[in-house]
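What follows is calculated from the coordinates using simple rules that are stated; it is not laboratory data. Please read all numbers here as calculations on a predicted model, not as lab measurements. Because the Cβ atoms are built from the backbone with ideal geometry, glycine has one as well, and the counts that use them run over all protein chains shown.
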Amino acid sequence: MENSITLTADLDALAKISAFITTAAERCGLDERATWQVQLAVDEAVTNVIQHAYDPDQPGDLTLSWQCCDHRFIVTVRDHGRQFDPSAVPTPDITSPLEERQVGGLGIYLITRLMDEVRFEFSPQGGNLLTMVKYLPQDQPASPDDVLVIPIHDRIDALTAPRLTSMVSEQIGKGARQIVLDLSNVSFLSSSGLRALLLIRKELMTLGGELRLAALQPQVYEVFTITGFTQVFNLHPSVAEARAACAQRH
Amino acid sequence: MELNHRRLHRVDLIEVVGRVDAATAPQLKQLIESLFAEGRHRIVLDFSRLEYISSPGLRVLIEARKKAREWKITDLEGGDVRIANLPPRIKEVFDLTGFSSLFEIYGDTVEAVGSF
């Protein structure tokens, strides 16, 4: 099966892309719910391109590609239209009452909630490139001594923290007790993110487990030094050293 | 998407079947707005056979409810857009976007129609 499709960015593309990505997600081993989540996220991304990247009477191309590797289903959407700036789209307040509820911004919001990683990039030659990643279910029923290393690929802030918490909780639910979060790709940690990490640490400790954080970027490490949490968390310069510390404990 | 419209005495019942996305949402919007234009502001959307909804569809729902509620006979009685039957996947979208608390949602069409 071809893992890329290029279409004119108009409304006719939606149904074709939906069918294309659904088949791909199933082939990659995503379950029914994850497949549906990917389908909705991709539909939102493509709708965004159709409505905002090009002039409606002169639609350009969009290219959707996918790959399946390393327990991840990765989808990219590329267009050569107007530069998209995700920071210009306000995050909708989903708790506001009907009268004050804004109608826009839901598409991008849904994408970030449905996928595990989302990245927007732009270059004058390449155009807009949106990369969305869905993690495949990992089926390792862990023994208490196994070390589970989870790479985190996003900012840890109020928006992403709930997802991080639920993802780690799921692993704890499956039996993981020695967890290392690989933070090498985390460029930002907010106070909400820190709170989420504290809760995860507490949950693990009550179960006799341990949380370790590895490969912190300097600006993330600084959050720990400023708040004094360097003493509370097990921080390690690298994943290898975090693993070694787990091994030593036993 | 398929829209099955039934005109009841005080309420309009619209069954929304299939997919509501950017391509089909305008049809739903058009039907609802044509009812508003006739002065009919009490609408029940039956989602029992709705398979899929994305943000353009959500947008139509929110705009429709806002508009319907502007029409009032008394403070207690007026227009509204209410929903009957929310399949699990659609409920998940509603929960993610906070729509679950923005709409009155009923277990079946009888209950939803009777709520007016």
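Brief remarks on what is shown
- Only helical runs count toward this figure. For chain A, summing -39,500 (n - 2.57) over DSSP H runs of n ≥ 4 and dividing by all residues gives -11500 deg cm²/dmol at 222 nm.
- Debye-formula intensities of region A:76-197, expressed as log10 I(q)/I(0) at q = 0.16, 0.19 Å⁻¹, are -0.93, -1.15 (one equal scatterer per alpha-carbon, no solvent).
- Rounded to whole Hz, the Karplus (6.51, -1.76, 1.60) HN-Hα couplings of region A:19-35, x for glycine and proline: 5, 4, 6, 5, 4, 4, 5, 5, 4, 7, x, 6, 6, 4, 6, 5, 4
- Gain on full extension, evaluated as 0.36 nm per residue between residue A:230 and residue A:247 minus their Cα-Cα distance, stands at 4.0 nm.
- Look at the Cα gyration tensor of the protein assembly as shown: its axes a ≥ b ≥ c give a/c of at least 1.5 with a/b over b/c, and that counts as prolate.
- Spin-label model, residue A:240 to residue A:170: label points 7 Å out along the Cα-to-beta-carbon direction sit 3.1 nm apart.
- Taking chain A and dividing mean pair separation by its residue count, relative contact order in percent (alpha carbons under 8 Å, at least six apart): 14
- The mean number of partner chain beta-carbon atoms within 10 angstrom of a residue's beta-carbon across peptide A:34-46 is 3.
- Positive-end residue of B:13, B:106, B:28, charge dipole of chain B with Cβ unit charges: B:28
- Estimated from helices alone, the mean residue ellipticity of chain B at 222 nm is -12000 deg cm²/dmol (sum of -39500 (n - 2.57) over DSSP H runs with n ≥ 4, per residue).
- Distant-in-sequence amide contacts of residue A:72, defined by a placed amide H-H separation under 5 Å and a gap of 5 or more residues or a different chain, comprise A:136.
- Residue B:27-residue A:89 pseudo-label distance in nm [points 7 Å out on the Cα-to-Cβ vector]: 2.6
- Estimated dipole of the protein assembly as shown in Debye, rounded to 20 [Cβ of Lys and Arg +1, of Asp and Glu -1, Cα centre]: 600
- Computed FRET value (nearest 0.05) for residue A:195 with residue B:66, which takes r as the C-beta separation and R₀ as 56 Å: 0.95
- Distance from region A:1-25 to region B:1-62 (C-alpha centre basis), Å: 26
- Cα shape, region A:4-135, gyration tensor, a/c 1.5 rule: oblate
- Principal-axis analysis of the Cα atoms of chain A puts helix A:239-249 at an angle of about 30° to the longest axis.
- Gaussian network model of chain A, Cα within-10 Å springs - most flexible of A:226, A:111, A:156: A:226
- For chain B, a Gaussian network of Cα nodes joined below 10 Å ranks B:64, B:22, B:84 by mean-square fluctuation, and the top entry is B:22.
- Under 24 Å of direct C-alpha separation, and excluding same-chain neighbours fewer than eight residues apart, residue A:16 reaches these lysines: A:134, B:29.
- Based on C-alpha pairs under 8 angstrom that are at least 6 apart in sequence, region B:2-114 has a relative contact order of 26 percent.
- Unit charges on C-beta of K, R, D, E only; dipole of region A:147-249, Debye: 240
- For chain B, the Cβ-based charge dipole about the Cα centre amounts to some 200 debye (Lys, Arg positive; Asp, Glu negative; other atoms uncharged).
- Cys residues of the protein assembly as shown that find no other Cys beta carbon under 4.7 Å: A:69, A:246.
- Taking the number of Cβ atoms within 10 Å of each Cβ as an exposure proxy, the fewest-first ranking of A:227, A:112 is A:227, A:112.
- Along chain A, the longest continuous region that contains none of the trypsin sites (Lys or Arg not before Pro) in a DSSP loop with at most 15 other C-beta atoms within 10 Å is A:83-173.
- Most mobile of A:167, A:115, A:132 in a GNM of chain A (Cα contacts under 10 Å): A:167
- Separation between Cα centres of region A:217-249 and region A:102-118, rounded to whole Å: 31
- Here is the list for region A:147-250: chymotrypsin sites (Phe, Trp or Tyr not before Pro) lying in DSSP coil, each with at most 14 other C-beta atoms within 10 angstrom of its C-beta, are A:188.
- Simple spin-label estimate for residue A:129 and residue A:22 gives 3.0 nm between the two label positions (7 Å along the Cα-to-Cβ direction from each Cα).
- Note: region A:147-249, Cα convex hull, 85 Å³ per residue.
- Here residue B:66 is the anchor, and the aspartates and glutamates within straight C-alpha reach of less than 16 Å, apart from those fewer than 8 places off in the same chain, are A:99, A:100, B:33, B:75, B:77, B:80, B:104.
- Based on Cα atoms of region B:2-114, Rg over Rh with Rh as the Kirkwood radius reads 0.93.
- Here the gap between residue A:102 and residue A:207, fully extended at 0.36 nm per residue and compared with their Cα-Cα distance, gives a gain of 33.5 nm.
- For region A:25-97, projected area of the alpha-carbon convex hull averaged over all directions, nm²: 7.2
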